[in-house]
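Below is one structure, written out as structure tokens; the observations come after it.
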Amino acid sequence: MSKKLSLILYLTLAAVCLAFLILTILASAGNDGILHSGYSTATLTFFAVFLAVSIVTYNPKTALTSIGFYLTHAGILFFLVGCLLYAIFGHAVTVAPPSVASLTPSVQGEMYNDGIEIPSGYYNRIPGKDGGVADLGFNFRVTDFVTEYYDGTENVKHYEATLGILDGEDEALKSLTVNHPIYVNGWKIYLMSASQNLLYGYDEVSLMFKRDPGEILSTSGIILTILGVFSMSFLRKKEGEK
């Protein structure tokens, strides 16, 4: 491929990527996020093609400096493919089930008197995409929730929830804290926060369920990009010293 043709192709793809990125940002305004925009898939696809073409048409001056270039571009490509997989197949939603431990007999009696049926405490489905329902493939419930405060204050020091994961007839208890998610059946579960139901007084625990089939690629891409940038800087400096 001639240098002139490569440059034209490179600039054309860059312009298309920029146009779709602008459309994605404009379309996502007021929505849940960029990944929910109808243009997001096309944007990520064009960016992936753009990076692939830049790698193929690249003509390194030396073998050493090309290492960092390829690592960086491959890392960005991995990251975009991971984002693309999440945009198409991924899902994230926040739910607020009650803590079973806070559903005391008096609370349950008050709810029952108001015509509210007391659930068994187990859930196996969450809100899905486009108003649908997502089947978790397992049953869970919040068996307990604990809040620790700094001495003499009402400032929260530590949140901890205990999830009961039902597999057959056996219930496995898993501890869940903020910034330390757990993995169950392909779902990543985060503890977000907790609040008290003002009407009945039981604890509502906010959990985020996230399924990200591109997480490994995205994480690998970030690592490769960091290594690539470091390699380009380090090797260029070494070459300059020679």
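The values are calculated or read from the model by the stated rules, or taken from the named source; none is laboratory data. It should be emphasised that the depicted structure is a prediction, and the values quoted were computed from it without experimental measurement. We place every Cβ from the backbone using ideal geometry, glycine too, and count neighbours over all the protein chains shown. Each accessible area value is taken on the protein alone, full model and side chains, heavy atoms only, with ligands, DNA and RNA left out. Shrake-Rupley method; radii C 1.70, N 1.55, O 1.52, S 1.80 Å.
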Subject >> Qualifying aspartates and glutamates (Cα of each under 12 Å from Cα of K188; at least 8 residues distant if same chain) >> reply: D212, E215
**OP:** Please work out the average accessible area per residue across the range 100-203, using the 1.4 Å probe convention, and give it in Å².
**Re:** 65 Å²
Original post:
Where does the charge balance sit around G82 when Lys and Arg score +1, Asp and Glu -1, over other residues with C-beta under 9 Å from its C-beta?
Top reply: -2
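Taking a ≥ b ≥ c as the square roots of the eigenvalues of the Cα gyration tensor of the range 61-160, is the shape rounded (a/c under 1.5), prolate (a/b larger than b/c) or oblate?
Values: a/c = 4.81, a/b = 2.02, b/c = 2.37.
Judged from the Cα gyration tensor, the range 61-160 comes out oblate (a/c at least 1.5, b/c at or above a/b).
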**OP:** Loop only per DSSP, at most 11 neighbouring Cβ atoms within 10 Å: give me the GluC sites (Glu not before Pro) in the range 120-181, ordered by residue number.
**Re:** E154, E169
